[in-house]
Amino acid sequence: DGGITQSPKYLFRKEGQNVTLSCEQNLNHDAMYWYRQDPGQGLRLIYYSQIVNDFQKGDIAEGYSVSREKKESFPLTVTSAQKNPTAFYLCASSPGLAVYEQYFGPGTRLTVT
Amino acid sequence: KNEVEQSPQNLTAQEGEFITINCSYSVGISALHWLQQHPGGGIVSLFMLSSGKKKHGRLIATINIQEKHSSLHITASHPRDSAVYICAAAVNTDKLIFGTGTRLQVFP
C-alpha cells in the first residue's frame, strides 16, 4: 500500500531535549511538508521540501530543523530552542507544489514536560 | 482577520440532513482544498478545485472565484461523516493557508 507513515504516534520528552519525528512516504512524491496543529488554530507550515537535498522554511520554522537526504524521508527535529513544542505534528507529501493534492500522514502527538 | 475563514466553527445535525460548510478567503488563490480530519487526527484530502463544482459520492464542493468563497455540502448525512472539515487555500505555487476547521457531529 502506498502512503505516508509517521512514527511514533505519541511521544513524550523532557524539556531541554531535542527530539526527531519520523516521516516516510512511498508515493514517489517530490514535495514533502511538516505542519503543526494547535487547538483552535489552523495547520501551520514549519518546513517544506520540493526536492532531495533542498528545503525551505515555512511560517514557524524557529526551533525546528529538517533534512531531506532521500526522496522518501523528511525527518523533523524539534530542538530545545522551540518555546512551545507540545503540539500535534503532521507530515504531508504531494506530487508537486501546493496546487496538487496533499497526502497526510497519521500525525505524531508530542508532549514536552 | 485570518486569510481563510470557515463557518460555522461547530455544527450538529441529525442523520439524513443536508450539511453546508462555508469557506471564505481574502487572498488570490490558485486552488482550494477541502480536507477531512478524523478524531484520531489523520487527515484525508476530499477535493481540490480551482473553479466550478466537484462531486464525490455524497460530497459536493463548489467555488466562486469572484466572490472568494467555497462551500462543502454533504447530502444525506450519516454519523460516520462526523469529523473536522478543513479548507485550505493555495495562495501561490508552494504554500497552503488553512482555515481553523468546522467540527461536524451527526447524530443518529
Study note, to complete from the structure: Averaged per residue, the 1.4 Å probe accessible area of the protein assembly as shown, protein heavy atoms only, in Å², is roughly 48 Å²
Practice item. Please state the charge dipole magnitude for segment A:1-82, taken about the Cα centre, from unit charges on C-beta atoms (+1 on K and R, -1 on D and E), reported in debye and rounded to the nearest 20. Key: 200 debye
Check your understanding: Under a point spin-label approximation (7 Å from Cα along Cα-to-Cβ), what is the residue A:15-residue A:113 distance to one decimal in nm?
Key -> 1.3 nm
Point to revise | Qualifying GluC sites (Glu not before Pro) in segment A:32-113, DSSP loop, other Cβ atoms within 10 Å at most 12 | key: A:62, A:69
Revision key, fill the gap. Cα-Cα pairs in the protein assembly as shown separated by more than 24 Å, as a whole percent of all pairs, come to 43 percent
Practice item. Step through the residues of segment B:70-78 one at a time and calculate ³J(HN,Hα) from phi using the Karplus curve (6.51 cos²θ - 1.76 cosθ + 1.60, θ = phi - 60°), rounding each to whole Hz and writing x for Gly and Pro. Key: 9, 10, 10, 10, 10, 8, 6, 4, 9
Point to revise | Inter-centroid distance (Cα atoms) of segment B:25-91 relative to segment B:7-23, Å | key: 13 Å
Review point. Using a 1.4 angstrom probe on protein heavy atoms only, which residues from segment A:99-113 are buried by at least 30 Å² of accessible area when all chains are present rather than their own chain alone?
Key: A:99, A:101, A:102, A:104
Practice item. For chain A, set up a Gaussian network in which alpha carbons nearer than 10 Å are linked by springs, and say which option among A:58, A:16, A:40 fluctuates the most. Key: A:40
**Study point:** Rg to Rh, two decimals, where chain A supplies the alpha carbon set and Rh follows Kirkwood
**Key:** 0.94
Revision key, fill the gap. Within the set A:50, A:82, A:17, GNM on chain A using Cα springs under 10 Å gives the largest fluctuation to A:17
**Study point:** Cα Rg, Dmax (largest Cα-Cα span) when computed across segment A:54-99, Å
**Key:** 11.8, 34
Review point. Given the pairs A:83/B:54; A:9/A:57; A:70/B:53; B:54/B:95; A:9/B:53, which span a C-alpha to C-alpha distance of over 30 angstrom in this model?
Key: A:83/B:54; A:70/B:53; A:9/B:53
Point to revise | segment A:23-68 - charge dipole about Cα centre, Lys and Arg +1 at Cβ, Asp and Glu -1, debye rounded to 20 | key: 40 debye
Exercise for review: Have a look at B:28, B:48, A:4 and report the one farthest towards the positive end of the charge dipole of the protein assembly as shown, computed about the Cα centre with Cβ charges (Lys/Arg +1, Asp/Glu -1).
Suggested key: A:4
Check your understanding: If you wrap chain B's Cα atoms in a convex hull and average its projection over all directions, what's the area in nm²?
Key -> 6.5 nm²
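The values are calculated or read from the model by the stated rules, or taken from the named source; none is laboratory data. In this text the structure is predicted, and so the values were computed from the model without any measurement. Counting neighbours? That spans all protein chains shown, and the Cβs are built from the backbone with ideal geometry, glycine included. Heads up: the accessible areas ignore ligands, DNA and RNA and are worked out on the full protein's heavy atoms, side chains in. Shrake-Rupley method; radii C 1.70, N 1.55, O 1.52, S 1.80 Å.
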